[in-house]
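Inspection log for the structure reproduced underneath, given as structure tokens.
The values are calculated or read from the model by the stated rules, or taken from the named source; none is laboratory data. Only a predicted model underlies this, so the values are computations on that prediction, with no experimental measurement involved. Glycine gets a Cβ as well: all are built from the backbone with ideal geometry, and neighbour counts include every protein chain shown.
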Ligand code: NAP
Ligand code: ZN
Ligand code: ZN
């Protein structure tokens, strides 16, 4: 076991504290890496505050992890010391169910092992990337291509793949109109990726405050959802709506913006149930769907795509101080981040 420094919340109602955790010995197929940066995903906040389900505490969140390899097991073939690597939302899966075999490990039928707030199959708790070091099996480790800095790459490991995967699955590309709802961590990457795939992109944001940024990222249109006229103007306009909002939205109103056969895909995950009228679907053969992160193969494909298209997250780097992370959580909840906080874990004292 290796002892490593980390930032943890002791309970769902407490702030962050500096602590130490144990990482397992480097096994034959394991990679040990020094975490350089870890993004703050809105899912970290949902989990650290028990907004989805009862969490496992103390909790060390973080599933947008980027760093540099410092040791590898003697049977590792994919990585070497010095390589730039990343870890996303899961660190293991059963490897034998239909979904794992199809490379969709995020939908593992046995349940993939979450990077934090989860348990390995032997029952031990998992701790995430708000820490100095991480040990992970090489098969669940991603390669960060040259050309993307580690701080800009970290958020791709969750926010990037969560938007890339549905955009690919639902065929975003030339001739398709895509609306991205919410210009936050996920949303700003969704805009960049959909634009690079060749789609015509519209941002649906609560207000026009971030319009200049949205257009700089490549959006052709930008509308405020607080203005009811937006929903009248955009009726039956989109092939795909990617909803990244963490709160419940009036779904019928958004569904009315889909064309014939259009799909609304939800990646934002509110804690309360949603409601909608089937008529909003049936009237134009629309569909309402959801999507969760992406598999390992697709995550690597997304990283390579982002490197090729010069896509990284727009980040604000934070000192690895408990109080600073607490404040950042408040700012994320208040939609006051442009567009992803990443914690500088290289600066965390060992
Ligand atoms: P974020 O940075 O907080 O962005 C969410 C954006 O939603 C905000 O920037 C804001 O954009 C908009 N918004 C916030 N509150 C709203 C409200 N009350 N009404 C309308 N719009 C609102 O969060 P994130 O990290 O991108 O995560 C977003 C959601 O995706 C979270 O629920 C998270 O748990 C979930 N998530 C899911 C997956 C998955 O695999 N499905 C993966 C990662 C995250 P505007 O100001 O532009 O409106
Ligand atoms: Zn996430
Ligand atoms: Zn499986």
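Below, the figures for the structure above:
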| item | result |
| --- | --- |
| Residue within the range 125-145 that is within 16 Å of ligand 2 (Cβ to nearest atom), in contact with a helix residue (DSSP H, G or I) (Cβ under 9 Å, 6 or more places away or on another chain), under 30 Å from residue 239 (Cβ atoms) and in contact (Cβ under 8 Å) with a residue 60 or more places away in the chain present | yes |
| Enumerated strands (runs of 3 or more DSSP E) restricted to the range 1-113, each holding at least 2 residues that are crowded, with 20+ Cβ neighbours inside 10 Å and within 16 Å of ligand 2 (Cβ to nearest atom) | 30-39, 65-72, 84-87, 90-92 |
| Filtered residues of the range 317-350 (kept if outside any strand (DSSP E or B), over 17 Å from the mean Cα position of the chain (by Cα) and touching a residue at least 24 places away in the same chain (Cβ under 8 Å)) | 319, 320, 322, 323, 325, 326, 345, 346, 347, 348, 349, 350 |
| Given (1) at pLDDT 95 or above; (2) part of a loop (DSSP other than H, G, I, E, B); (3) over 18 Å from the mean Cα position of the chain (by Cα), index of the condition residue 134 fails | (2) |
| Within the range 242-266, considering residues that are in contact with a helix residue (DSSP H, G or I) (Cβ under 6 Å, 6 or more places away or on another chain) and closer than 14 Å to residue 191 by Cα, the one surrounded by the most Cβ atoms within 10 Å (Cβ to Cβ) | 242 |
| Single condition residue 165 does not satisfy, out of (1) assigned by TED's automatic domain parsing to the domain that holds residue 199; (2) over 15 Å from the mean Cα position of the chain (by Cα); (3) within 13 Å of ligand 2 (Cβ to nearest atom) | (2) |
| Total residues in the range 293-302, condition surrounded by fewer than 23 Cβ atoms within 10 Å (Cβ to Cβ) and more than 16 Å from ligand 3 (Cβ to nearest atom) | 2 |
| Filtered residue count, the range 80-102, keeping only those that are within 16 Å of ligand 1 (Cβ to nearest atom), in contact (Cβ under 8 Å) with a residue 12 or more places away in the chain and over 19 Å from residue 130 (Cα atoms) | 1 |
| Failed condition for residue 139, given (1) under 21 Å from residue 32 (Cα atoms); (2) in a loop (DSSP other than H, G, I, E, B); (3) within 16 Å of ligand 3 (Cβ to nearest atom) | (2) |
